[in-house]
1. Take the solvent-accessible surface of the protein heavy atoms, probe 1.4 Å, and return the percent of it on the range 349-417 that carbon and sulfur atoms account for.
2. Starting from the Cα gyration tensor of the chain, multiply each eigenvalue by 5, take the square root, and state the resulting semi-axes largest first in whole Å.
3. Ordering 33, 94 by accessible area with a probe of 1.4 Å, largest first, what comes out?
4. As a test of reading the structure, rank 399, 32, 277 by solvent-accessible area (1.4 Å probe, protein chains only), most first.
5. Run the accessible area of the range 78-133 with a 1.4 Å probe and give the carbon-and-sulfur part as a rounded percent.
6. What accessible surface, in Å², does a 1.4 Å probe find on residue 171, ignoring ligands, DNA and RNA and rounding to the nearest 10?
7. Relative to the longest principal axis of the C-alpha atoms of the chain, give the angle of the C-alpha long axis of helix 141-159, reported between 0 and 90° and rounded to the nearest 10°.
8. Please list 553, 545 from largest to smallest accessible area, probe radius 1.4 Å, with all protein chains kept in place.
Amino acid sequence: MEKSDNRTSTFLNLISKKATVVFLGLCALFLITRIVLLDRDCPPVNVSWYAPGDEPIYAGTAFDLFHYHSFSNQVVPSIPTGKSTLNFIGNIMTFCTLSVFGNNYYGMRMSAVLASFLVFLLMYWILQNYLGKQPYSSTKLFPKYSKVLLFCCLLYLLCDFSFLVAGRIMEPTIFRMMSMIIVLWLFSSSYFEKHILSWWVPVLAGFLSVVSVLFFYPSNAFIIPALGTVCLFFGIKKNFKKGVVNSVLFVLGAVIAYMAYELVLNALFHKTAGNTISSYASSHYSTRLALPVEGKNTSIVHVLKECASNIFNILKTNIFRFNPMILFFFLLSIPVVIFKPIKTRSVRDILLVSLVFFFLLQTVFLNDYSYRKLVILLPLVLLTIAVVLLSITDFSDFINKSKKRRFLFGAYALFSLLISMGVVLFMLKKAYSAAAFKATLSENIMIIVVFLVQLACIAWFLKTKKIWTGAKIPRKLITLFLILLFVPNVFLSAKYVFTKPTFAYKQAMIKLSEYIDDKLVAGGMGQCYRLYNTSIPVLNPYVFLYSGQKQELYKKLLEILITEEGAEYTILSYDNPAGNLFCADNKAYEGIIEQVYVFDLNFFNSGGRENKVALYKYVR
């Protein structure tokens, strides 16, 4: 009891004046690094995997509210809007920032800044929740490293290149992360831990988990089984009847959230929830699921290959390939973080394990655009590593009681190292083109060298057994290791965000205002270039992209817009082998367009192929 009081007293120092000043300083630095040069071009696609043209499409509902004060404005009655109801909360936030900052990059992207800042703030309190109660942690390690760990995690979150870019781009992932972090913050608090058996907790859990899916993004589906597992576990822990009651109450909360979504869709978009969900699932997820669905190869071998590919994509996502040491630490942490709930049976630990497990399980079967979208995993990775570092001695005591356990964990550690080294070798793989490979070769070599130096530090630790004996490790070596953890992401952020900024897309849209202000821009990339001008984009090709029959309909609607509605312009890619509805050489545009103005853009501007885009005029 006395040890527990001492530990709690030590942790209270985290909210001392000194810690508060440091936190406020980190908050100020966070906002500066997100707001400065917010209107610059996105980092190269072959580095960040963000396509600048997608941003305004993700914000379609926000633009409707901003320009027309309607959630589903239909410019031409006979033409479908093509607006998505996904990321509803993100669009509401974007409408607010557009209203404050105007029809420009600051107006569109500031919502992502605010979402990422909320993630940063809540991570501070989440880390306090987790690091403040470690009943099986070493009493020697706790007072010495808990405060350092908390601020190291926050600093890493601040510096991480992938999280930095996600917080500067209007794309649903940062809003998905925000909803997940809100759930984690609420249910890891002491208040919820005390009331975990109250009837309203599973109701709220069911409600929030479904809200995270329907009002934010369908890929948040993993939150539903994660919170459901927590409610079920603590219900059954009391008795079987309570487990059944909790399950029923959880479903009740989920149904309430679904009904709320139905009401919102019906009132604002004149749609039904059932049709919206099934339509999106069939057009989007059915082609990306690693499951035997209609229209795909349904053999078990094919499914297993796709699952294996998705697992590999998790390992080489940006947050890991830019810093393989974080991947190595995370893999090593998995057995420890599984060990903790078995021993503690705490709400926090089971919640963390459930979120990580169900996210990874979902990603095995559905892992689209993994390089950028898996940045949502970063807060969970950092939290897992921090929790494990404070409880490592307890796990060490556990495995040292048996030679078999030591052997198995050693084999697993070696396996984790080989996987991390495999990601390092992947860095040398050619991407997109020889030019792109050459352009990123220097930074890839830097990442590899940093990883090898870090491994040398760890090897020295293990050789002298200083970690396990508790002997003092030289501060200079610790300092070197910590600095190296930040070097890759700081370098990438400096290179691709804060130095030599380009504003090609902003300048292109300003130039377009001379041609397309207050005019219909039909089809093509019209919705991608609607900032800094008053163009009226109509007919979104994404709605028609995935079937030949729909493409014929697109062509007919295009003819209506040109002949009956007076549409004059479109924006298209040219010399593009894709040949889809965004490309000038698609049959839908054959004989009806002429090039007016060529944009000075370079989509893969890190040595990759050029993104050739031009303004075209329809020829009647």
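1. 72
2. Values for the chain, descending: 45, 29, 23 Å.
3. Values: 33 25, 94 0 Å².
I get 33, 94, largest accessible area first.
4. 32, 277, 399
5. Carbon plus sulfur share of accessible area: 72 percent.
6. Per-residue accessible area (residue 171): approximately 10 Å².
7. Relative to the chain, helix 141-159 is tipped by roughly 10 degrees.
8. On the way: 553 85, 545 35 Å².
Largest accessible area first, the residues go 553, 545.
The values are calculated or read from the model by the stated rules, or taken from the named source; none is laboratory data. This structure is a prediction, so every number in the text was calculated from the model and none was measured. We place every Cβ from the backbone using ideal geometry, glycine too, and count neighbours over all the protein chains shown. To get the accessible areas, we keep the full protein, side chains included, count just its heavy atoms, and leave off ligands, DNA and RNA. Shrake-Rupley method; radii C 1.70, N 1.55, O 1.52, S 1.80 Å.
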